[in-house]
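Structure, as structure tokens:
What follows draws every value from the coordinates through simple rules; no lab data is involved. A quick note: this is a predicted structure, and the numbers were derived from the prediction, not measured. Every residue, glycine among them, receives a Cβ derived from its backbone with ideal geometry; neighbour counts consider all protein chains shown.
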Ligand code: GLN
């Protein structure tokens, strides 16, 4: 399991994976990307991560690995990069998940908040979702399955085959269920060879 480590809260993802017994590889270069089978794109600043991914030569290889079916999970800024449309991003996103991402959907007044969410696929209590200058996911394509919504109906977690997107930050909580879910998704996709093109 790799974690894109150009900017943002990649250390927190690594800490969470460690709790689940998985040692994550930090990905900063094309050879480091070659060495992993699945990747987490962390929260942070999507414009910065995109810029650094270009300057480090990671953007194209990342796009082609994703297009070839590599399992990936984008949290917040990472989810913005996975989308097919991200108005306000200063470049085209990676374009792997058929949805439009509305950046900073909660405005300046409500910069961050926590919401207990019911997430499809997670057993037990509601999930404590931490939102920080978060996006929402709109106009989902038919292959994209919503997994969680805010009380007003807006989609904040979704899945397309072995791609997962969350508008919130599971790496900043104490609840490892979403990391466990993504590990299971990735393992299953890799074991069954189902990691074909996601679109
Ligand atoms: N608002 C940020 C962006 O657009 C994302 C914030 C986050 O990752 N917490 O990139």
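Quick note on region 1-76: its Rg to Rh ratio, both from C-alpha atoms and Rh being the Kirkwood radius, is 0.93. Which of the three applies to region 120-199, rounded, prolate or oblate, going by the alpha-carbon gyration tensor with a ≥ b ≥ c and a/c under 1.5 meaning rounded? Oblate is the answer for region 120-199, as a/c is 1.5 or above yet b/c matches or exceeds a/b.
Identify which of 35, 165, 63 has the largest mean-square fluctuation in a Gaussian network model of the chain, with springs joining Cα atoms closer than 10 Å. Of 35, 165, 63, the Gaussian network model singles out 35 as fluctuating most. Extending 7 Å from the Cα toward the beta-carbon at both residue 145 and residue 67 defines two label points whose distance is 2.6 nm.
For region 86-141, the relative contact order comes to 41 percent (Cα pairs under 8 Å, sequence separation of at least 6). Structural descriptor for the chain: relative contact order 20 percent, calculated from alpha carbon pairs under 8 angstrom and at least 6 residues apart. The distance between label points at residue 91 and residue 45 comes to 1.5 nm (points 7 Å beyond Cα on the Cα→Cβ vector).
Ellipsoid semi-axes for the chain, based on the Cα gyration tensor and the rule √(5λ), read 22, 19, 17 Å when sorted largest first. Spacing of the modelled spin labels on residue 174 and residue 29, each 7 Å from Cα toward Cβ, amounts to 3.9 nm.
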